[in-house]
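The values are calculated or read from the model by the stated rules, or taken from the named source; none is laboratory data. As the structure is a computational prediction, the values presented were derived from the model and not from experiment. Reconstructed Cβ throughout: ideal geometry from the backbone, glycine too, with neighbour counts over all protein chains shown.
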Amino acid sequence: MTTQELYNVSCQVVRPAVDVAQPAAEGRLVGLPAPAIEGDDRPDLVQERRTIRVLITRSGLGRQEFAVQATDPVTVLDLLREIQRSHDASLAFRYSCRVAMCGTCAVRVDGRSALACSTVVPPDCDTIEVAPLAGLPVVRDLIVDSRPFWEQWARVTPWFVPAEGVEERITAGSAEEELVEGALGCISCGACYSTCEIAQHGNDYLGPAALNRALALVADPRDGAGEERLRIVGGRGGVDRCHYVQACTSACPVGLDPARSIVQLRRMRLRGHA
Ligand code: SF4
Ligand code: FES
């Protein structure tokens, strides 16, 4: 994978093999401690620092520029933390897990929705732009109010409702398994919702994440609320609002395909399947 692909597809955070780094002469960092590797296989422990220009859209301050010292590999979240630590403690952003699991660090990087913690800045990239997610009210700096996202999410009854008397299991390799498994794993980051033009214009559109969640439950034969969910996704702001641009699928940092889930829901509704 090229560095550009690495950057565009949102990768796993790659941590330096040697963790603690201490300043040394001439602006270099020397990793400690030295691993017990002999001969030519011994890795180069000297890591060059470089300066990355970070442009951040902030509340009431417009676009601010910071020159941040970094050592590769570096993520967007690493840069934001360094800015908060060494340049401006008032910079507001949100994160928690740092391993692409909690979904709280979603921002726009160079105009695209992405997780700050898993977006690696390519070694040949010296300027990046970071802005809050689009389509959601800004609370402060890079923090958005995600209530519109959660309100739509709640409309599809996003939890499992056990069907009475059903002891069915999902068979490995079955069509149900393929549908359910393909839609699971959403971390509720809102990247797809933020990227979707229809969701951005309000109009009660459920949005890709909620519809993807609905499919994971509707396709599960053990769930007892499928009919009700199909009625909801076929109603106000439901699947018929989607124009199938697939921006949601391109934005998803964990590789889900909400656009495909919407198509599946449309098919199920037409077939009266629950
Ligand atoms: S479907 Fe993907 S982009 Fe959308 S909220 Fe879930 S994880 Fe985020
Ligand atoms: S900090 Fe949890 S997903 Fe980025």
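Here Arg112 does not qualify as in contact with a strand residue (DSSP E or B) (Cβ under 6 Å, 6 or more places away or on another chain), among the basic types (Lys, Arg) and within 16 Å of ligand 2 (Cβ to nearest atom).
Considered as a group, the residues in the stretch 259-274 that are touching a residue at least 24 places away in the same chain (Cβ under 8 Å) and touching a Phe, Trp or Tyr at 6+ places or on another chain (Cβ under 9 Å) include one that is surrounded by the fewest Cβ atoms within 10 Å (Cβ to Cβ), and that residue is Ala259.
Would you confirm whether or not the stretch 141-150 contains a residue that is crowded, with 20+ Cβ neighbours inside 10 Å and within 19 Å of Leu256 (Cα to Cα)? Taking every residue of the stretch 141-150 in turn, at least one turns out to be crowded, with 20+ Cβ neighbours inside 10 Å and within 19 Å of Leu256 (Cα to Cα). Is it the case that some residue within the stretch 175-183 is under 19 Å from the mean Cα position of the chain (by Cα) and either of a type outside the set (Gly, Ala, Ser) or within 16 Å of ligand 2 (Cβ to nearest atom) (or both)? Yes - at least one qualifying residue is present in the stretch 175-183. Here Val156, Val166, Val161 are screened, and the one residue that is in contact with a Gly (Cβ under 6 Å, 6 or more places away or on another chain) and either assigned by TED's automatic domain parsing to the domain that holds Val218 or modelled with pLDDT under 95 (or both) is Val161. Taken over the stretch 206-228, the residue count meeting the criterion of being buried (at least 24 other Cβ atoms within 10 Å of the Cβ) and over 17 Å from the mean Cα position of the chain (by Cα) is 5. Annotation for the stretch 63-81: no member residue is within 16 Å of ligand 2 (Cβ to nearest atom) and more than 21 Å from the chain's Cα centre (by Cα).
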